[in-house]
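Derivation of every value follows stated rules applied to the coordinates shown; laboratory data play no part. What you see is a predicted model; the values in this text were computed from it and never measured. In this analysis, Cβ positions are derived from the backbone assuming ideal geometry, glycine residues included, and neighbour counts consider all displayed protein chains.
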Amino acid sequence: KRQQPPAWFQPSGDRAGANDSAHAGRRKMQGSSWKHVEHDADIGLQATAASREGLFEAMGEALTAVITDPASVRLERQVDIQCEAPDDALLLVDWLNALIFEMASRRMLFGSWRVAIDGNKLDAVVEGETVHRARHRPVVEVKGATYTALSVEQDGYGNWRGQCVVDV
């Protein structure tokens, strides 16, 4: 049975991180947003951004927001992450799974994501801190990103949209 998320996590209409007061001022890139969508026992992540890099950064923030309020994460340690995949959708899954692996193995949460993409190679520096249960009040543990509802695309206006379901 799924746990109920804390009050700050309750959707009020269309939950978009960049427009939610709990996350106001937290977005590093203007013009990007993310939201959680219901998907059976898993959680779907969706994001939009003005750039491909911004999309991957927004998806990183959405991933952290499944666990805790990203604004509560202090930027104390940096971790370098590299991924490579044959297309953008598979690169997104690899990116999210790399973040999940680093969070689990280092017992960390991330609050900053700086992504550079060259072709289908991603280089990132993420910043965060060790999980503090009392302050972060983690809601769930994300086990992995899946291929369910996976997509990354650029629309006719040049904006990037992506989505992926994560197993919790």
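Key figures
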{"quantity": "Dipole moment magnitude, nearest 20 debye, the range 64-168 about Cα centre, only Lys, Arg, Asp, Glu C-beta charged", "calculated": "620"}
{"quantity": "Using alpha carbons only: equivalent-ellipsoid semi-axes of the range 127-166, gyration tensor based, whole Å", "calculated": "31, 15, 8"}
{"quantity": "Ordering of 126-132, 151-157, 136-142, 81-87 by packing [mean C-beta count within 10 Å, highest first]", "calculated": "126-132, 136-142, 81-87, 151-157"}
{"quantity": "Relative contact order of the range 32-143, pairs being alpha-carbon contacts under 8 Å that are 6 or more residues apart, as %", "calculated": "28"}
{"quantity": "Pair-distance profile P(r), taking every C-alpha pair of the range 53-168, with 10 angstrom steps and integer %", "calculated": "14, 49, 30, 7, 0"}
